[in-house]
Amino acid sequence: MIRRDFLKTTSVVTSAFVLGFYLPTKSRASDTKSTKALQPNAFIEITSDNQINFIMGQVEMGQGTYTTLAMCIAEELNVDWEKINFKPATVNPIYNSYFGPLMITGGSSSIIGKQLEMRTIGAAVNKMLITAAAKRWKIRAYDIYTKDSKVFNKKTKESFTFGELSLDLTTMEIPKNPKVKDLKDCKFIGQPQPRHPKESWAKVTGKAEFGIDIRVDDMKYAAILHPQVFGAKIKSYDASKALEKNGVIKVKQIPTGIAVIAQYWWQAKEALSELEVVWDKGTFENISEKDLDDEYSNVMKTDGSSIRKDGDSQKAFKDTNKVIEAEYNFPFLAHAPMEPLSFLAHHEKDKATIWSSAQSQTLTLGVAIKVLGVKAENITYNTPYLGGAFGRRGTINADFVLDGLYVAKDESYPIMTLWTREDDIKMGNYRPKYKNKVKIALDTQGKISSFDAKIVSQSIFKGSPFEAFGYQNGVDGAQKEGLADHPYDINNHDMQAYTMNSPIPVLWWRSVGHTQSGPTVEGIVDEAAFAAGIDPIEYRINMLTDQRFINILEDVAKKSDWVNRKKETNVGYGVAIHESFGTICAQVAKVRVSQNDFKVEKVWASVDCGFAFNPQNVENQITGSINFGIAALKYSKITIQNGEAIQSNFYDYLVSRISDAPEVVVSIINSGEKIGGIGEPGVPPILAAVPNALFDATGKRYHSMPIKLRS
Amino acid sequence: MLNKIIVDEKEYSIDIDTETPLLWVLRDHLNLTGTKFGCGVGQCGACTVLLNEKAVRACQTPISEVGSNKVTTIETTIDKTVQNLQKFWVQEDVVQCGYCQSGQIMNAAGLLKTNPTPNDDEIIQAMDGNICRCGTYSKIKTAIKASTVEV
């Protein structure tokens, strides 16, 4: 979620200064074996044997941030691209995110927040290397250039490797204002680049280490019996049978359940069924989905907290003779990243080592300090690759992190706590359930004259450390984003929010509140276009004022040959446009309906993220986001019954598969406007383009997900 | 009890309960962590390995069923089909988070060993049991197709 008011004030130039600061080296101590080097420093390590390591404060969870941020450095620092290495950073404020005083990867913010800093740092080191070589050769900097991790003397063709100059760099001053190329002059940035080969090869050969893959000496494994009913507590338990099972070392109660520690994880997991637990299930045991639906519907009868109120909505509705109403229902959704959640920790009295695949290193470290009672400087923090996240590993209540820490606390060996897929699906931290009631009035030209909405959901931010900026005046940031700031020229609004409460923890899910505002706004606008008898793209353009939106819509119309789209039986085309995370994305979806099923056959996506640093990654992220959205459109839902989630694994929590994947054509417009993110903005438009296409194919509107076609 | 298994041409003896799934033997006993855990119920394909050249879900294969059959994992250094697929996976820029790709590649290898030149429908049918949450499906299809052209 983009919160410009939260933008840190530290300037990029200041950040470049830290280049030469020496960080606490503990966790990278093993890296210093390769003799003396310009290291450790904050962002770039150059060893004397010319190993060039880029230190990444952002986590790589599939979004391609390692590659694109490295491109930013490499644009200025002329390295041998294929030979660079990536090293995850330790926890240090110099890596703090765009969002404020913490390291966190999310909100599609890595490029927005870090690109200029990385380019500046690359430029600084490049300049330092040239200066160092100039001194050695006693020639002017003008006669020196860098290429492929080497510094060349233009005249004599002599060269130094960066590594050979690394020691010189350690005593040099860091350039205060290194010149950074304009984006339009960049040769590397802006060109399509595949995933860095080091990462790609590690991942296709099974060598990449995800959190779940870390193996250390003497480690044990733990599985946890969690409550099934949300909010349930343990009254008592009997572990005697579990303790008799092969390999089981210990059973211990932790705040969220009972942990079985065994020699191997399978043994721990098998022993869970031998635990006898008496639960205090609490009051939520009496609640099922229908109760929640009733509660959500009833609350709308009262006045909610104002999201947006301007003009005179009541008058607009009195003056019109065309009103459209719709109720949108979006279920709780699990993120279900492919790598189940895990945490590895070794607690040794006053020190600890942890391996965490959480999205925020700072939050994880904070929790570790608290749970283990160990000082920050005595915790060695490791970040492996993340096997997908989609927001799930940015856990606010720190669930899997806490589990791992409590399990390992006071034990004499390292323990890998690994959740089952069932834990992942049933333990909450879902995208909130939303019930959105909207009502629009059309004027005599068919334009929307008033837009009223009631948004009912649990709050992601209320009660969290982010409450101050994510939950204000009774409105959750995720209820508001993409709705209150929709792009259409409408004069009257009355939009209200209602905050529901339950023991089910909720969380940001790829594109967060835009997963509800996108399909709501773009669904009702599509209905308005139809009611007005105007082509849906033309209708939108008529109501838009921002030229960027208009350009993107015109582009997607052109790429999809919208005006000449073929009218086939059972085939429909739908359009949607939505801005999120600073990026505008329009999509046209082509669907084919057969009996009670439908297939998204093709999607044309046009995207304006200001400037595409790595167009290939933009394409990959948009395509991936569309498939992620199709899962929610067709299949995924969490249903509450007697206080627990009915679904538990991929046989009942369905996601999209290769047979669901459409052909995707991505068109990028470099508008040169403010830079936006790319990991999430592809999701919201597909959530509206597909229902709109289904209307085109069937004449029926679909307001709820997952979509079940009506005969 | 003592079980002998052959993984990627190497023989191992493991003292283990015979009902233990092959997946956990590979990951936790042999530290061959390239083979991934995704669901534990044969629904996602992340744990796919070859058993005598045939794609199986390691999470659904108890070690007792492996016997003297050859297990091939993503970490193989000799299987040409797997290595060829890996090359095209990189060339087509398939991976995002990469976690499911071990299973995707091994499942594709299983397909190609029975059908060296699958058409689109056959690829989709064979690969439909492998989930990728990052949504790299179209590139998976392209990579498999590309690999069959140039073996």
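Numbers for the structure displayed
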| read-out | value |
| --- | --- |
| Subset of region A:401-427 [touching an Asp or Glu at 6+ places or on another chain (Cβ under 8 Å) and of a type outside the set (S, T, N, Q)] | A:Tyr413, A:Pro414, A:Trp419, A:Lys426, A:Met427 |
| Residue within region A:82-97 that is among the acidic types (Asp, Glu), within 25 Å of A:Ile678 (Cβ to Cβ) and touching a Pro at 6+ places or on another chain (Cβ under 8 Å) present | yes |
| Condition met for B:Ala58 (touching a helix residue (DSSP H, G or I) at 6+ places or on another chain (Cβ under 8 Å), outside the structural domain of B:Met106 (by TED's automatic domain parsing) and free of Cβ contacts under 8 Å to residues at least 40 places away in the same chain) | yes |
| All positions within region A:618-673 that are under 24 Å from B:Ala46 (Cα atoms) and either β-branched (Val, Ile, Thr) or not assigned by TED's automatic domain parsing to the domain that holds A:Pro685 (or both) | A:Ile622, A:Thr623, A:Ile626, A:Ile630, A:Ile638, A:Ile646, A:Val655, A:Ile658 |
| Residues being in contact with a Phe, Trp or Tyr (Cβ under 8 Å, 6 or more places away or on another chain) and assigned to a loop (DSSP other than H, G, I, E, B) - total across region A:259-281 | 3 |
| Residue selected from region B:14-24 under the condition more than 10 Å from chain A (Cβ to nearest Cβ) and modelled with pLDDT under 95, by the criterion farthest from B:Ile105 (Cα to Cα) | B:Asp15 |
| Residue in region A:197-212 that is under 30 Å from B:Ile105 (Cα atoms), touching a Ser or Thr at 6+ places or on another chain (Cβ under 6 Å) and of a type in the set (A, V, I, L, M, F, W, C) present | yes |
| Failed criterion for B:Ala126 (all others in (1) within 14 Å of the chain's Cα centre (by Cα); (2) crowded, with 24+ Cβ neighbours inside 10 Å; (3) closer than 29 Å to A:Ala334 by Cβ; (4) more than 8 Å from every other protein chain (Cβ to nearest Cβ) hold) | (2) |
| Residue within region A:239-258 that is outside the structural domain of A:Glu117 (by TED's automatic domain parsing), touching a Ser or Thr at 6+ places or on another chain (Cβ under 8 Å) and either part of a helix (DSSP H, G or I) or under 29 Å from B:Val90 (Cα atoms) (or both) present | no |
| Flag if A:Ala352 is surrounded by 21 or more Cβ atoms within 10 Å (Cβ to Cβ), in a strand (DSSP E or B) and in contact with a helix residue (DSSP H, G or I) (Cβ under 8 Å, 6 or more places away or on another chain) | yes |
| Filtered residue count, region A:666-707, keeping only those that are within 26 Å of A:Asp535 (Cα to Cα), out of contact with any Pro (no Cβ under 8 Å at 6 or more places or on another chain) and part of a loop (DSSP other than H, G, I, E, B) | 6 |
| Test for A:Gly482: is it assigned by TED's automatic domain parsing to the domain that holds A:Ser625, part of a loop (DSSP other than H, G, I, E, B), more than 28 Å from B:Lys36 (Cβ to Cβ) and out of contact with any helix residue (DSSP H, G or I) (no Cβ under 8 Å at 6 or more places or on another chain) | no |
| Condition check for A:Gly391: in contact (Cβ under 8 Å) with a residue 60 or more places away in the chain, out of contact with any helix residue (DSSP H, G or I) (no Cβ under 8 Å at 6 or more places or on another chain), within 14 Å of another protein chain (Cβ to nearest Cβ) and of a type outside the set (Val, Ile, Thr) | yes |
| Matching residues, region A:87-137, being under 20 Å from A:Leu77 (Cα atoms) and either in a loop (DSSP other than H, G, I, E, B) or among the polar types (S, T, N, Q) (or both) | A:Ala89, A:Ser110, A:Gln115, A:Thr120, A:Asn126, A:Thr131 |
| Output for region B:94-123, where each listed residue is at the interface with chain A (Cβ under 10 Å from one of its Cβ atoms), more than 29 Å from A:Ile212 (Cα to Cα) and under 16 Å from the mean Cα position of the chain (by Cα) | B:Ile123 |
| Of all residues in region B:25-79 being under 26 Å from A:Gln647 (Cα atoms) and surrounded by fewer than 24 Cβ atoms within 10 Å (Cβ to Cβ), the one that is farthest from the other protein chains (Cβ to nearest Cβ) | B:Val56 |
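The values are calculated or read from the model by the stated rules, or taken from the named source; none is laboratory data. Just so it is clear, the model here is predicted, and its values are computed rather than measured. With ideal geometry, Cβ positions are generated from the backbone for all residues, glycine too; neighbour counts draw on all protein chains shown.
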